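Working notes, beginning with the structure itself.
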Amino acid sequence: MSDTVIINVDGNDYEVAAGSNLVDAAKWHAGNDIPVFCYHPKMEPVGMCRMCLVELGTPARDRATGEAMLNDDGSPQIRYFPKLQTACTTTVSDGMHIKTNTQEVIDARNDVLEFLLSSHPLDCPICDKGGECPLQNLTMRHGPQSSRMYFEDKQLLEKHYPLGDLIFLDRERCIQCARCVRFQDEVVGDDVLAFHERGRRLQIITNSDPGFDTYFSGNTTDICPVGALTTTDFRFGARPWELNEVPSISPWDATGENISLSMRLDRDFGGKALIKRVMPRQNERVNEIWISDKTRFGHHFTRSEDRLTQPMMRSGGVLRESNWSAVMAAMAGLLKDADGDIAAIAGSSMTNEDLWELRQLVEGLGGSRLGAWIPSHGGAEIVAEVGVGFGTNLGQLGRGDAILVIASDLEEEAPIWRLRLKQAQDRGAYLVVANARHTRLEDFAIQGARNDKVVEGDAIRYGAGEAVLIMRNLSADQPEIAERLSEAENLVIVAGAEGLTLSGGKALAQAAANFLIETGHIGRRNNGLLIPLPGANGMGLHYLGFTPDTTLDIMTNPPQVLIVAQAELLDDDPAARAWLSGVETIVYANFFDDGISALANYILPIQTFAERDGSFVNGERRVQRFYTAQGPIGQSLPAWKLFGGARQALGAGALQPSAAAVMRDLSADISEFEGISYKALAQVKREFPDVGGRDQYYGGTAYTNTGGLGIQIPCVSDTRKGRRTRQLERFDQPGAGEDEVLIMPVTRLYNRQRNFRPSLMLEPRVLTPYAIVNSDDAAALGISDGDIVEIRAGESNVRVQAALSDEIAAGAVALPRHLTEEAIPLTITAGSVSKVAEAVAAAT
Amino acid sequence: MHILLRGRDIDNIKQLDVYERHGGFAGMKKALAMTPAEVINVVKASGLRGRGGAGFPTGVKWSFIPQHEPVKFVTVNADESETGTFKDREIMEENPYQLIEGSLICAYAIQAKAVYIYLRGEFWDIGDQLDECIEALRAKGYIGANIMGSGYDCEVYTHLGAGAYICGEESALLNSLEGYLGQPRVRPPFPAQKGGGLYKEATVVNNVETLANVPYILNDGADAFKAIGTEQSAGNKIYCVSGHVKRPGNYELPMGTTFRELLYEHAGGPLHEERKFKAMLPSGGSGPIVPLTDEVLDTPMSYEDCANIGTIIGSASIIVMDETVDMTWVASKVTKFFKHESCGKCTPCREGTYWLDKVIDRILDGRGSPDDVTRIADVAENMAGTTLCALGDFAANPIIHTIRHFPDDFAQHVSAQGADG
Amino acid sequence: MAIIGNPKYEERIKSHLAKYETKRSAVMPLLYIAQEEYGWVNPDGISEVAEILNLDPTQVKSIAGFYTMYSEKPKGKYWLQVCTDLPCALQGADDFHAWLKDELGVEEGGTTKDEMFTVEHVMCLAACDKAPMLQCNFRYVENLDQDKMRGLLAKWRAEAANGRG
Ligand SMILES: Cc1cc2nc3c(=O)[nH]c(=O)nc-3n(C[C@H](O)[C@H](O)[C@H](O)COP(=O)(O)O)c2cc1C
Ligand code: SF4
Ligand code: FES
C-alpha cells in the first residue's frame, strides 16, 4: 500500500497521507477548514455534533466484476452517499470525493448551528471565551441570521457549577460535545467527568472525591469549544482581545512545556503588564498542546508581595537596603579579597545565560567550584551521552515500543511526560513501572487496574534503595520483562532518583544506560535515557559545568565566598545551616528570602522568567527560549546582568547588552551549543495538527507556536557511533540499622515551596504533611493510619501524619518534600519513625 | 399455523420436555450436524429478514462475521421498546425455548463464544424465566461445554436494561451491555466487524422474533419457510395491533396479508362500530403515519408493498386511530416519546426533539401561529438525515407526516396571530 | 445497610461478575442491587458499586442517571408507573393516570405523604393490548380500571401494614 492517496475536495485533487482523518487531511492539504465542534485532532472521533457534514462519494465499482466504473469521458464514476456524512469519522481513501460548498452542506451547517443556538444563552458579551469562541466564530461564518426559538422556552440551568477547585462549568453554555469528558478519559486516563441524564438534559458531572482534581484539568478549558468551562484563575479576568500573548517556557520541570503568557496592563498592578493567564503553545515534540495545572496556575509568584525588590548588604552586622552601584562596588572588593576561594551554587531553574555569566565571574576570580542545586539527582552527564536520540518524539512511541520508568513518580515530577507516556501505552507501547512504592503511573501499567482495560504493562516493586540492583540485574531477575524491553523496536528508560543517594542516582542512570547500550537502544530517534532532573534547566547546569558533586564538595569544604543563586538551601537541606556557618561571605541572589538573610552578606533581587528573556535546556536536551513578558519587580535584575555587572565592576570584561549576546558568547565557547543563537531558537515551522490560528475550533485555544520550536542538542551517541560501555559508578547502597527505617524523600507537584505558595488557588490542594509507612512496619511500631509520627533522619526531625500502605516496600517510609516547614533529608537516609499522637482528622 | 406463537397451540410449551416433544432442539441437532457455513446458507436461502425493524436479510448478516476471528458473540435484541410493540414479549413469555434454540443455532453458525439476551428492564419476570430455562438447558447439555456432544461450547446469559428505548438500537445496546451509556456508536466499524461489536469483537445482533424463526427453518427447511409470505418477505410475521380496534393483540400471519384482513377479520374492526378508522401508525411511533384509506387497507403487509404507500412495516406495531383522534395530539404524544428517549449524543436529535415538543405544546395550547406549523415541519426536515442514529429520523416522521396528511388537524389549533401575536 | 459484605447479595453479585468479559459490564445489575438495598440509588450505593467494579464513581453515577429505572431520589414504597404512551392513551390511559393522581392526592412524580405511593407516567411498556396498565415496583399490572385499582391500593396498603410487600 502506498503512503499517500488522492482525494478530491470541491473539485481539486490533493495527495494526502493514507489512513488520515478526512477533517485533518482537508485542512492540512487543501486548506479547507471543515467546521467541527466535537472532533478534536488529539482524540478519537465520536461524530456527535454533526457540524462536519459533507457530501461524500467514493469511486463506483461494478458489483459483479469489482472493476471501477467509468464515466463517458473515462473519468471514474463517483457514487455519493444518499445522506451527508460526518467528515470527522471518515478515513480518507483513494479516489474519495467530498463537496463542502454545496447548498445542502451549507444548509446542514446552518441547521446544526441553529439547533445549538436554540439552547445557548447567547451571553457572549460577558463570556470569557468571547473573542476566541469556536461557537461564536462558526456562527459568524456558517450560522443562521436569527434564532427561531422562543427565548422563554430555553432551559435555565446552573451557570456557576464548580467541578473542582479550579474549573467552573456553565451548564447553559455547554453544547455536549464531550471533549472534556474524552480528554479526561483518553488523554489523562482519569475518567472523573461524565454525562448525566440524557436527551436535552444531558449534562457534565463529576461524582469523584475529590472532584475534578487532576494535574491536567485546565486543558479542558482550552479544548472546550464554548465558554462552558472556565478556570478559577481567569474567570472574568479579561477579554481575550485585551491580551498580549508572549511566548514562554514553563519554569517548573524538565519537560519544558511551551507556553504563552497572556499579558494585560492592569490597574491593580500599577498599570503595568501582568500575567492574566498561562496558555499552552503548541510544540508537538515537547508538550503537544497540553500543559500541567501547575504551569497554568502556578505563575502568581511572579508578582508576589514577598518578592525581593531591593539589593541589600550587610554593614556593621546589619543588613541594609542599598542600591546597585554601591553593592557592585562593595562586592568587587570583597570578591577580589577571596583570593580565588570562591564557589557558586546555582539552582536548577536558572537560565543558560545566567549560568554562563555566573561561571565567568567565578572562574574570572580564580574559582572553579560550580555546584548544582539540589545535589540529589545525578546522571545529567549520562543523558548527555545516551539520552533520547536526536529527533525523538514521545508522541510517536506506540505498538512495538517499550518504556521503563524506574525510581520516579512521573506524575509528580514531570506531569507532561507522564501524560505522553501513558498515551504511548494507549497506542500499544509496553510500559513497565518500577519503584519501591505505588505511583500513579503504575495504575496504567497494571492490567485491569481501572476500567478492565487490557494494557501492555508490568510493575516491579523492590525494596527501599534497591533500584540500582534491580536495574543491573534486570535480565537475570526479571527475564520476561527484560526480554520484552530488549526486543522492543524502540525503548525509552526514565530513571529517577527516588529512594537513592546522589551516587545511587548516578549509578542507576549508568545501569539504565548500560541496558540501553547492550540492547541497542541508543543513538536512534525515540530511544534512550530520560531523567526527570529537578527544575527547568537541569541539563543546562550540566552543559555549563555545574554539578551536584561539586555541591557536595562545597558542603564539606566551605569556601570563603559562596554565591548562592536561585537556590533555597535552607528550605531544602536540613544540614545547610550548619555548613553555611563555615562560609565567610554569602552572596544570595533570588526571588525570595528563604531565611538566609540572617547569614548572608548580600541579598540581591533577581528577575523571574516572566520579566526577562532567556533559555533553558529540557530533559530531552532541547534548548528553548522564552521572551520578556512583564516589567521588573522593584530593582531586580536578570541574574546574568547581575553577574556580568559584577564582573564589569571587577574590571574583568564588559557587560553584554542582552541575553541574546550572552548566548553568542556561550555558544562560541561551549561546543554543545555550537550554532545555537536566539534567532535559530525562534524558528518555527508548520506543525501537525494545525491548531490555533484562525480556526480555533479545531484544536482549541492552544496557541500556534510563533516563539520558536527550539533546537535539540545531539547526545554523544547520536554523533559518535560505536558502543561505549562505561564502568558502573561505585555507589553507596543505602541501608538501615536495627530499629531503623529508610526515609525516602519524594516529590509532590503541589507543595509549600516559596515560589508555589503565592498561587493561592492551588493551596487547598497541597496536602497536609504526611508520610507513607508500610502497614506491617506500622503495626510493629504501633502506628495507625492518621497517627502523628515523628520522623528523625540525620539533621532532620519532622512531625507528620502517617498514611499506611501495603503498596510500599517494608522498611521504607516515603516522606514528601516541601510539605512541612522544616527541611527534610535531601536523599534517602536511615532514620526512625515513632508515634507521638493518636490519629487526628485530616486537615484537608 | 403458528410458527412463533406456539404457546397458543400447545399447552405448556414453556416446559422443556413439552418443547422437546414438539420438535424442540431438532433444528439445533440438524444444525450441529452441518458446518457453520452450511447453516448460514440455509438461513440465507429461507429469505428470513430481520424482524427488529429494518428487515435486513438475516443469513447475509451472519455471513458478514469474519470466521477467522477467535472470539465472537451473539446478542439478542429483546429491548422491545417501540411504541405499540409487544410481540417479543409474548414469544419470550410463552415460547422461551424456541428463542434460545434459535439463538444457539445462530451462535453455532458464527461460532460465537456466548449469547447475551438484552431485555428491556421492565421484562424483569421474563428475565427470571429465561434464566430458569437456561439452567434447565445447561442441565441437559444444550448449553455450556460440548453442546449435545458436538464439541461446540457456548454460554447464554440474560442482561436487563433499565428504561431506555435507544438501547434497542444495536450499537447503543452494545454500549449498554458493556456498562457504558446506552448511546449509539459511530459506524463503521459495524457490529459484525472486529472493533464494532460487543467488547470490540464481531457480533451478530438479532431481534427476538427473527431468531425464534430459525429453529423452524432448520427443522422444516428453507423452502418451507420461503413458501410462506411474499417473494421478498418470506415467512410469518407477528403483527401487534393496538388502539381503536375491538381485539387488540398479537396476530401471527403470513407476510403479505392485507391490512384489511388483519384489522377487520382478526382484530375485529373498529372498537366503536359507529366510528370510522382515520389513520394508522404501522410501525409504532417511528414509521410514517398513513390515513386508513381503502387503498391502504388493501395493501399487503410486506416490506416492499408498504414502501409503495409511503410507510414501512418495520416491527409491525400497528396503532389504529379512529376519526375522533386529533392528529396534532398524536404528533405531540409521539414527539414526547422521542424527546424522552433521545439519548442526547447528537445535536439535531437532542435539540430538535426538545424544540419540536415545545412548539407543538404551544400549538395544542392554542398559542401557536400558522408559522409555527411550517416551522416544526421545517425543523423536522432539518433533523432527518443528519443524526447519528435513526432515532432522529424516527422523531422527524410523526411531525412531517401528520402535517402532510392531516393539515386541517393542525390548522384548527392555530390562529393567524397566534395567542401572543 | 450495605451491599458489600451483605450475604443477601453475595451470590448474585458473584454470578453477575461471572457473566461478562469485563467488570464494568456488571454496572447495571449492580445498580439494581443498590436500588433494592437502599430503595433508591443513593450515594452509598454509587460508591459501593464503584468499589466493586473498580470504576470511578462518576462513571457509575453517569449510568444511574441515563436510565429511567434507576431512581436517584427516594420513592414511595410502591412506585407506580402508568403507561400513557399513545396506544394506552387511545384506551383512556391519560384519564386513568389523572384519576390515580387525584385519588392519591399527588402531582406527577410525587409521593404520598405516608411515603406509600409514588405516581409517574412512563413511555410504552409493551402491554398496549392490555391498557390501561401500570408497573408497580417493576411488576406489570394490566387491564386496569378505577375499581380494580382501588382494590389494589387497598391491598398494598394492607400488605405494607402487615410488614410484607
Ligand atoms: C432507535 C432504535 C430503536 C430500536 N429498537 C429496537 C428494538 O427495541 N428491538 C429490536 O429488535 N430492534 C430495534 N432496533 C433495530 C436494531 O438496531 C437492529 O436493527 C435490530 O436489532 C437488528 O435485528 P434484526 O436484523 O433481527 O431485525 C432499533 C433501532 C433504532 C434505530
Ligand atoms: S439520533 Fe438521537 S438517539 Fe440517535 S444518537 Fe442522536 S441523540 Fe442519540
Ligand atoms: S460530528 Fe464531526 S465534528 Fe462533531
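Pull up segment B:64-80, narrow it to residues that are open to solvent by 10 Å² or more (accessible area, probe 1.4 Å) and touching a Leu at 6+ places or on another chain (Cβ under 9 Å), then point me to the one that is farthest from B:PHE338 (Cα to Cα). Show your work before the answer.
To start, the set of residues in segment B:64-80 that are open to solvent by 10 Å² or more (accessible area, probe 1.4 Å) comprises B:64, B:66-71, B:77, B:80.
After this cut, where a residue has to be touching a Leu at 6+ places or on another chain (Cβ under 9 Å) as well, the list is B:77, B:80.
Details: B:ASN77: 20, B:GLU80: 15 Å.
Among them, the one singled out is B:ASN77.
Of the residues contained in segment B:313-324, none is found to be over 26 Å from B:GLY163 (Cβ atoms), away from ligand 1 (no atom under 16 Å from the Cβ), within 11 Å of chain A (Cβ to nearest Cβ) and not hydrophobic (A, V, I, L, M, F, W, C). Of the strands (runs of 3 or more DSSP E) lying entirely inside segment B:245-336, those containing at least 2 residues that are within 30 Å of B:VAL414 (Cβ to Cβ) are B:277-285, B:317-322.
Looking across segment B:336-387 at every residue that is within 21 Å of B:GLY163 (Cβ to Cβ) and touching a strand residue (DSSP E or B) at 6+ places or on another chain (Cβ under 8 Å), the one that is nearest to ligand 2 (Cβ to nearest atom) is identified as B:GLY344. Taking residues in segment A:546-570 that are in contact (Cβ under 8 Å) with a residue 40 or more places away in the chain and more than 14 Å from A:ASP341 (Cα to Cα), and partners anywhere that are assigned to a strand (DSSP E or B) and among the β-branched types (Val, Ile, Thr), the pairs with Cβ atoms closer than 6 Å and at least 6 places apart or on different chains are A:THR551/A:ILE345; A:VAL564/A:ILE345; A:ALA567/A:ILE345.
Taken over segment C:125-155, the criterion of being within 11 Å of another protein chain (Cβ to nearest Cβ), part of a loop (DSSP other than H, G, I, E, B) and in contact with a Pro (Cβ under 7 Å, 6 or more places away or on another chain) is satisfied by C:ALA131 alone. Test A:PRO82 against the criterion of being out of contact with any helix residue (DSSP H, G or I) (no Cβ under 7 Å at 6 or more places or on another chain), open to solvent by 30 Å² or more (accessible area, probe 1.4 Å) and closer than 24 Å to A:ILE34 by Cβ, and give yes or no. The answer is yes for A:PRO82.
Conditions tested, residue by residue: (1) under 19 Å from C:LEU86 (Cα atoms); (2) crowded, with 20+ Cβ neighbours inside 10 Å.
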position: B:ILE228; (1), (2): no, yes
position: B:ARG247; (1), (2): yes, no
position: B:TYR251; (1), (2): no, yes
position: B:THR257; (1), (2): no, yes
position: B:GLY268; (1), (2): no, no
position: B:GLU273; (1), (2): no, no
position: B:ALA279; (1), (2): yes, yes
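Quick one: would you say C:GLU21 is assigned to a loop (DSSP other than H, G, I, E, B) and among the charged types (D, E, K, R)?
Values: assigned to a loop (DSSP other than H, G, I, E, B): yes; among the charged types (D, E, K, R): yes.
Judged against the criteria, C:GLU21 is a match.
When the residues of segment B:180-202 are narrowed to those that are small (Gly, Ala, Ser) and crowded, with 24+ Cβ neighbours inside 10 Å, which ends up farthest from ligand 3 (Cβ to nearest atom)? It would help to see each step written out before you state the result.
Pass one, segment B:180-202, residues small (Gly, Ala, Ser): B:182, B:192, B:195-197, B:202.
Still in the running and crowded, with 24+ Cβ neighbours inside 10 Å: B:182, B:197, B:202.
Numbers: B:GLY182: 19, B:GLY197: 22, B:ALA202: 26 Å.
Looking at the filtered set, the residue picked out is B:ALA202.
Residues in segment C:72-99 that are touching a strand residue (DSSP E or B) at 6+ places or on another chain (Cβ under 7 Å) and more than 8 Å from every other protein chain (Cβ to nearest Cβ): C:LYS75, C:GLY76, C:TYR78, C:TRP79, C:LEU80, C:GLN81, C:VAL82, C:CYS83, C:THR84, C:ALA93, C:PHE96, C:HIS97.
If the condition is being more than 27 Å from A:TYR462 (Cβ to Cβ) and assigned to a loop (DSSP other than H, G, I, E, B), then segment A:787-811 contributes only A:GLU795. Looking across segment B:390-406 at every residue that is away from ligand 2 (no atom under 15 Å from the Cβ) and touching a strand residue (DSSP E or B) at 6+ places or on another chain (Cβ under 9 Å), the one that is most open to solvent (accessible area, probe 1.4 Å) is identified as B:HIS405.
Can you name the residue in segment B:165-179 that is part of a loop (DSSP other than H, G, I, E, B) and within 7 Å of chain C (Cβ to nearest Cβ) and, of all such residues, is surrounded by the most Cβ atoms within 10 Å (Cβ to Cβ)?
Filtering segment B:165-179 down to residues part of a loop (DSSP other than H, G, I, E, B) leaves B:169, B:178-179.
Still in the running and within 7 Å of chain C (Cβ to nearest Cβ): B:178-179.
Values: B:GLU178: 18, B:GLY179: 23.
If we take residues in segment B:165-179 being part of a loop (DSSP other than H, G, I, E, B) and within 7 Å of chain C (Cβ to nearest Cβ), then B:GLY179 is surrounded by the most Cβ atoms within 10 Å (Cβ to Cβ).
Those strands (runs of 3 or more DSSP E) of segment A:1-83 in which 3 or more residues are within 14 Å of chain B (Cβ to nearest Cβ) occupy A:53-59.
How about segment A:550-623: which strands (runs of 3 or more DSSP E) wholly inside it have at least 2 residues that are in contact with a His (Cβ under 9 Å, 6 or more places away or on another chain)? Walk me through how you get there before you give the answer.
Values: elements: A:561-565, A:585-590, A:602-605, A:614-617.
So the answer is none; nothing clears 2.
Evaluating B:ALA162 against the criteria (1) part of a helix (DSSP H, G or I); (2) away from ligand 3 (no atom under 16 Å from the Cβ) leaves one unmet condition, (1).
Yes/no per residue for (1) surrounded by fewer than 23 Cβ atoms within 10 Å (Cβ to Cβ); (2) without any contact (Cβ under 8 Å) to a residue 60 or more places away in the chain; (3) more than 11 Å from chain B (Cβ to nearest Cβ):
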| site | (1), (2), (3) |
| --- | --- |
| A:TYR161 | yes, yes, yes |
| A:ARG179 | no, no, yes |
| A:PHE183 | no, no, yes |
| A:GLU186 | yes, no, yes |
| A:GLY189 | yes, no, yes |
| A:ARG201 | yes, yes, no |
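Checking segment B:336-358 against the condition returns no match, with no residue being open to solvent by 10 Å² or more (accessible area, probe 1.4 Å), more than 16 Å from ligand 1 (Cβ to nearest atom), more than 9 Å from chain A (Cβ to nearest Cβ) and touching a residue at least 40 places away in the same chain (Cβ under 8 Å). All of (1) within 16 Å of ligand 1 (Cβ to nearest atom); (2) open to solvent by 30 Å² or more (accessible area, probe 1.4 Å) hold for B:THR387 with one exception: (2). Being away from every other protein chain (no Cβ under 14 Å) and within 26 Å of B:LEU356 (Cβ to Cβ) is the filter; apply it to segment A:137-158 and report the residue that is modelled with the lowest pLDDT. Per the stated criteria, the residue is A:GLN145. When B:GLY344 is tested against (1) within 25 Å of the chain's Cα centre (by Cα); (2) in a helix (DSSP H, G or I); (3) farther than 24 Å from B:GLY55 by Cβ, exactly one condition is not met: (2).
Cβ-Cβ contacts under 7 Å between residues 6 or more apart (or on different chains), taken from a first residue in segment A:283-294 that is at pLDDT 95 or above to a second residue that is among the acidic types (Asp, Glu) and open to solvent by 10 Å² or more (accessible area, probe 1.4 Å), are listed as A:GLU284/A:GLU687.
In segment B:290-311, the count of residues that are buried (at least 24 other Cβ atoms within 10 Å of the Cβ), within 20 Å of B:CYS389 (Cα to Cα) and not small (Gly, Ala, Ser) is zero.
Given the criteria polar (S, T, N, Q) and in contact (Cβ under 8 Å) with a residue 40 or more places away in the chain, does A:GLN155 qualify?
Considered against the rule, which asks whether it is polar (S, T, N, Q) and in contact (Cβ under 8 Å) with a residue 40 or more places away in the chain, A:GLN155 comes out as yes.
When B:VAL330 is tested against the conditions (1) away from ligand 2 (no atom under 16 Å from the Cβ); (2) facing another protein chain (nearest Cβ under 7 Å); (3) open to solvent by 10 Å² or more (accessible area, probe 1.4 Å), the lone failure is (3). Identify all residues within segment A:454-505 that are within 19 Å of A:HIS438 (Cα to Cα), β-branched (Val, Ile, Thr) and open to solvent by 10 Å² or more (accessible area, probe 1.4 Å); write none if there are none. The answer is A:VAL455, A:ILE470, A:ILE481.
The values are calculated or read from the model by the stated rules, or taken from the named source; none is laboratory data. All values derive from a computational prediction rather than experimental measurement. Please note: Cβ atoms are built from the backbone with ideal geometry, for glycine as well, and neighbour counts cover all protein chains shown. Protein only, heavy atoms only, side chains kept; ligands, DNA and RNA dropped before computing areas. Shrake-Rupley method; radii C 1.70, N 1.55, O 1.52, S 1.80 Å.
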